[in-house]
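The values are calculated or read from the model by the stated rules, or taken from the named source; none is laboratory data. Keep in mind it's a predicted model, so treat the numbers as computed, not measured. Methodologically, a virtual Cβ is constructed for each residue, glycine included, from the backbone with ideal geometry; neighbour enumeration extends over all protein chains shown. The protein model used for the area step is the full one, side chains on, heavy atoms only, and it has no ligands, DNA or RNA in it. Shrake-Rupley method; radii C 1.70, N 1.55, O 1.52, S 1.80 Å.
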Amino acid sequence: MKKIVIALDGHSSCGKSTTAKQVAAELGYAYIDTGAMYRAVTLYFLDHHVALTNPKDVSDALKNIDITFHYNPKTQRNETYLNGLNVEDEIRKMYISNQVSEVSVVPAVRHAMVAQQQKMGKRRGVVMDGRDIGTAVFPDAEVKIFMTADVDTRARRRQQELLVKKQLVNLNEIKENLQKRDLIDSTRAESPLRRADDAHLLDTSHMTIDEQVEFVMNKVASKL
Ligand code: C5P
């Protein structure tokens, strides 16, 4: 069967990764969480005190960063590795969420990540979620979805996810973080978050995960 690229972009915490994972599993495709890559770069930059305003610092650091994903049968999920170390839990913490959008603005960071993502998806048969997949990484993706949801709903869902990971975070702090990230992500000069002209809009405010997956699978069916 023909293999395609499915691009899921949109605002923070509107169910992109949960939907993408299920769609990938149904199709037997690879799932690539591009947000995890920007989060891993942020972790490295913080650990190594990389100055975002110093281009040499940034390019030297990027040369030393190797990001990979490995399946963990125990958790039954793909986990993120930074230079051989499992950083899956660390990169989901609030201190990373609070810095990641500033790091993602830096053009050299974006160029390095986009190049790696294009390599990962060059054989197609991938579901990729992020902010610029349908506009910059795979503008020729066969299926493009732009996901959004009401910010209060997103904040509550994110709080629940963090709670499962035993992180107790105030709802307002989460809401402010989501709004700040959305603003930085959609106003940056380099590949800002925006809906591609040919992307289907999916508002998940009142939808279950199954309904979201069904919406995407219907769009996919017409392309296979
Ligand atoms: O998807 P997630 O919320 O984990 O992404 C974290 C951050 O990484 C986003 O808020 C955004 O700043 C950045 N990002 C990006 N481009 C992508 C994916 C994520 O700039 N393709």
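So here's what we get for this one:
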| quantity | calculated |
| --- | --- |
| Qualifying residue in segment 172-185 (condition: β-branched (Val, Ile, Thr) and open to solvent by less than 80 Å² (accessible area, probe 1.4 Å)) | yes |
| Strands (runs of 3 or more DSSP E) enclosed by segment 54-164 - at least 2 residues per element that are touching a Cys at 6+ places or on another chain (Cβ under 7 Å) | 143-148 |
| Any hit, segment 124-142, residues being among the basic types (Lys, Arg) and more than 15 Å from the ligand (Cβ to nearest atom) | yes |
| Pairs where the first residue, in segment 49-70, is farther than 20 Å from residue 116 by Cα and the second is open to solvent by 30 Å² or more (accessible area, probe 1.4 Å) and assigned to a helix (DSSP H, G or I), C-beta under 8 Å, 6+ apart | 50/57; 51/57; 52/102 |
| Unmet requirement for residue 23, which otherwise passes all of (1) away from the ligand (no atom under 15 Å from the Cβ); (2) surrounded by fewer than 21 Cβ atoms within 10 Å (Cβ to Cβ); (3) not basic (Lys, Arg) | (2) |
| Residue within segment 103-112 that is within 13 Å of the ligand (Cβ to nearest atom), buried (at least 17 other Cβ atoms within 10 Å of the Cβ) and of a type in the set (Lys, Arg) present | yes |
| Residue within segment 42-64 that is surrounded by 12 or more Cβ atoms within 10 Å (Cβ to Cβ), within 13 Å of the ligand (Cβ to nearest atom) and under 14 Å from the mean Cα position of the chain (by Cα) present | yes |
| All positions within segment 190-199 that are in contact (Cβ under 8 Å) with a residue 40 or more places away in the chain and either away from the ligand (no atom under 11 Å from the Cβ) or crowded, with 16+ Cβ neighbours inside 10 Å (or both) | 191, 193, 194, 195, 196, 198, 199 |
| Residue match in segment 69-84 (condition: of a type in the set (D, E, K, R), surrounded by 13 or more Cβ atoms within 10 Å (Cβ to Cβ) and under 25 Å from residue 9 (Cβ atoms)) | yes |
| The lone exception for residue 13 - which of (1) in a helix (DSSP H, G or I); (2) open to solvent by 20 Å² or more (accessible area, probe 1.4 Å); (3) closer than 26 Å to residue 141 by Cβ it fails | (1) |
